[in-house]
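Peer 1: I'd like to ask some things about the structure below.
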Amino acid sequence: MGSPDRPPGQPPQSRPGDRGGPPGPQGPHEGSGPPKPKWWLPPPFAFLLDEPAELVLVLIAAIITGGAVCYWLASYLTGPLQKLRTATRRLADGDLSVRLGGSLGNRRDEIGQLGRDFDRMAERLDTLMTAERRLLRDVSHELRSPLARLSIALGIARQTVNAGCERALDRIQYESERVNELIEQLLTLTRLEGGIEGSQKSLVDVDDLLGHIVQDADFEARGRGGRVRLTGGAGAPVKGVAEMLRRAFENIIRNAVLYTAAGTGVEVSVQSRPGAITVSVRDHGPGVPEESLVAIFRPFYRVDEGRDHRTGGTGLGLAIAERALRAHGGSVRAANTPEGGLVVTAELPV
Ligand SMILES: Nc1ncnc2c1ncn2[C@@H]1O[C@H](COP(=O)(O)OP(=O)(O)OP(=O)(O)O)[C@@H](O)[C@H]1O
Ligand SMILES: [Mg+2]
């Protein structure tokens, strides 16, 4: 490769047709002058043409350095976006305490600005949600005392008024019981919003828990000509708050019993796989419009006030179930079955 008649560092007299050399003005000029080298490098690197091994080493070093620079640049740009993505997902999952803070460094560019905007948004959401929960909890607490007094007054009234007032008093009692139940549910919901960290946890036998709920639901369903059946089994216990898990599954199963068509059954099946159990509750009722499949887990959401009136519910059952399962690290979702009816599937880590 090197040129014997030229000291190292001298650029060769290139000719048109030479690879790498600057083109000459006269066009092809074959057969004249000494043979010219095929490669040319600027003077500071020309010695490499005489040392192929060094040239290879320099090339390898250049590739490694280039790769390292590209890797650093890619991480510099995508690393913070990855952190932002993780934080957004946590926020969407209900973790309002998530903040990026200094994890993006002191960047002054658009990514840094985006991080600070994210933190401001999370802070605002957290404040609003906390205020809303506190209001709900305080109102519910405050309503308990007048309700208790109302019930005592009702008892006294029953002893003193004449028989003609009985129906009105029955109605007052029924309505005050409903308000009482609503307050109880609201307090459960606000408690669950704060998670179950401070609650007493134990190893809960899910098979036993579901067995009892299904037994009670079956008793209720028989009155309408239906049945509730339990198949499969969890096999392993779940660490959590038994009362919360009971409420979660009871709300889902009771809905199925209430909404399944008269004379049809409800199937509760439990499957276990490594690290998790799945409980699905399937009925043969009207199902839920596709656009409401997620919304039914929101507090006070009812698909159709007219249709749901006969169930007498308040629209808090599934919201409580969703929060209870989420507080245990699980999840719940609903889907319509092709044959008609709803299947609600809950997943819990074991
Ligand atoms: N299995 C089901 N089939 C059809 N619709 C359902 C079913 N389960 C729930 N829904 C719909 O979702 C809504 C919300 O259910 P959710 O259990 O939260 O409230 P609810 O049953 O109306 O009242 P409660 O607070 O007493 O449970 C219901 O009003 C109903 O419209
Ligand atoms: Mg319900």
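Peer 1: Within segment 291-311, does at least one residue satisfy the condition of being buried (at least 16 other Cβ atoms within 10 Å of the Cβ), of a type in the set (Gly, Ala, Ser) and more than 10 Å from ligand 1 (Cβ to nearest atom)?
Peer 2: no
Peer 1: While we're on this one: Does Arg158 fit the bill of being more than 31 Å from the chain's Cα centre (by Cα), at pLDDT 90 or above and not assigned by TED's automatic domain parsing to the domain that holds Arg323?
Peer 2: No.
Peer 1: Let me confirm something: among Leu245, Leu187, which residue is outside the structural domain of Ala327 (by TED's automatic domain parsing), under 30 Å from Leu96 (Cβ atoms), more than 16 Å from ligand 2 (Cβ to nearest atom) and surrounded by 12 or more Cβ atoms within 10 Å (Cβ to Cβ)?
Peer 2: Going through Leu245, Leu187 in turn, the sole match is Leu187.
Peer 1: For the list (1) closer than 15 Å to Ala346 by Cβ; (2) more than 26 Å from the chain's Cα centre (by Cα), I need the number of the one condition that Val238 fails.
Peer 2: (2)
Peer 1: Here's a follow-up. Among the residues of segment 100-116, are any within 30 Å of Thr190 (Cβ to Cβ), not in a helix (DSSP H, G or I) and not polar (S, T, N, Q)?
Peer 2: Yes, segment 100-116 contains a residue that is within 30 Å of Thr190 (Cβ to Cβ), not in a helix (DSSP H, G or I) and not polar (S, T, N, Q).
Peer 1: Do we have Glu184 as assigned to a helix (DSSP H, G or I), among the acidic types (Asp, Glu), modelled with pLDDT under 90 and out of contact with any strand residue (DSSP E or B) (no Cβ under 7 Å at 6 or more places or on another chain) here? Write out each step before concluding.
Peer 2: Details: assigned to a helix (DSSP H, G or I): yes; among the acidic types (Asp, Glu): yes; modelled with pLDDT under 90: yes; out of contact with any strand residue (DSSP E or B) (no Cβ under 7 Å at 6 or more places or on another chain): yes.
Here the answer is yes, as Glu184 does meet what is asked.
Peer 1: From the list Ala334, Ala276, Ala324, Ala256, which one is of a type in the set (A, V, I, L, M, F, W, C), closer than 24 Å to Arg224 by Cβ and either more than 7 Å from ligand 1 (Cβ to nearest atom) or surrounded by fewer than 18 Cβ atoms within 10 Å (Cβ to Cβ) (or both)?
Peer 2: Ala334
Peer 1: For segment 337-350, how many residues meet the condition of being surrounded by fewer than 17 Cβ atoms within 10 Å (Cβ to Cβ) and either among the basic types (Lys, Arg) or touching a Leu at 6+ places or on another chain (Cβ under 7 Å) (or both)?
Peer 2: Counting residues in segment 337-350 that are surrounded by fewer than 17 Cβ atoms within 10 Å (Cβ to Cβ) and either among the basic types (Lys, Arg) or touching a Leu at 6+ places or on another chain (Cβ under 7 Å) (or both) gives 0.
Peer 1: Please work out if Gln200 is surrounded by 14 or more Cβ atoms within 10 Å (Cβ to Cβ) and either within 38 Å of the chain's Cα centre (by Cα) or on the phi > 0 side of the Ramachandran plot (or both). Break it down stepwise before answering.
Peer 2: Values: surrounded by 14 or more Cβ atoms within 10 Å (Cβ to Cβ): no; either within 38 Å of the chain's Cα centre (by Cα) or on the phi > 0 side of the Ramachandran plot (or both): yes.
Spelling it out, it is not the case that Gln200 is surrounded by 14 or more Cβ atoms within 10 Å (Cβ to Cβ) and either within 38 Å of the chain's Cα centre (by Cα) or on the phi > 0 side of the Ramachandran plot (or both).
The values are calculated or read from the model by the stated rules, or taken from the named source; none is laboratory data. Predicted, not measured: the structure shown is a model, and the values here were computed from it. Here Cβ is always computed from backbone atoms with ideal geometry, including for glycine, and neighbour counts include all displayed protein chains.
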